[in-house]
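For reference, the structure discussed in these notes is given below.
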Amino acid sequence: MAVEKIEMVSDDVEDLSRAFRALGDATRLGIVTFLCQADKQGQGATVGEVSKAVTGVSKANPRISFHLKELRTAGLITVEKQGKFIICRPDWGRLATLGTFLTAITALSEAIAV
């Protein structure tokens with residue numbers, strides 16, 4: 001059975017690496033999971049809501065701000081100011097790209113195992 005090659009350029013590799021590195025932290029993985037669940041209604045979540053979900057305290061703190069910055073830098077979330085609130089949302093397109101990559105890797109492993 002022929003195994004298809006996954007074509008990637010250097011920028012793609014760096015981009016994926018940055019995203020997976022960001023998700024490699026348990027707190028950040030929890031934040032992304034929470035934001036995906038919270039965004040089902042299309043509203044996203046405030047920084048306070050993210051903080052409460054992760055730490056149990058609804059007040060934003062430097063630790064949560066750091067993790068949100070890392071996720072934003074990796075392109076996994078978007079942050080938007082709405083009045084006095086900062087709203088966080090998952091970047092669905094970016095997450096879909098990661099899913100597509102993992103699906104391609106899984107298909108390769110299944111083809112090799114046969």
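All of the numbers you see were taken from the coordinates with simple rules; none came from a lab. Keep in mind it's a predicted model, so treat the numbers as computed, not measured.
Total lysine pairs in the chain at Cα distances under 20 Å, for residues eight or more apart or on different chains: 10. Estimated purely from DSSP H runs of n ≥ 4, each contributing -39500 (n - 2.57), the mean residue ellipticity at 222 nm for the chain is -20000 deg cm²/dmol once divided by its residues.
For the stretch 85-100, the Karplus equation 6.51 cos²θ - 1.76 cosθ + 1.60, evaluated at θ = phi - 60°, returns couplings of 9, 10, 9, 10, 9, x, 8, 4, x, 5, 5, 5, 4, 5, x, 4 Hz by residue, with Gly and Pro reported as x.
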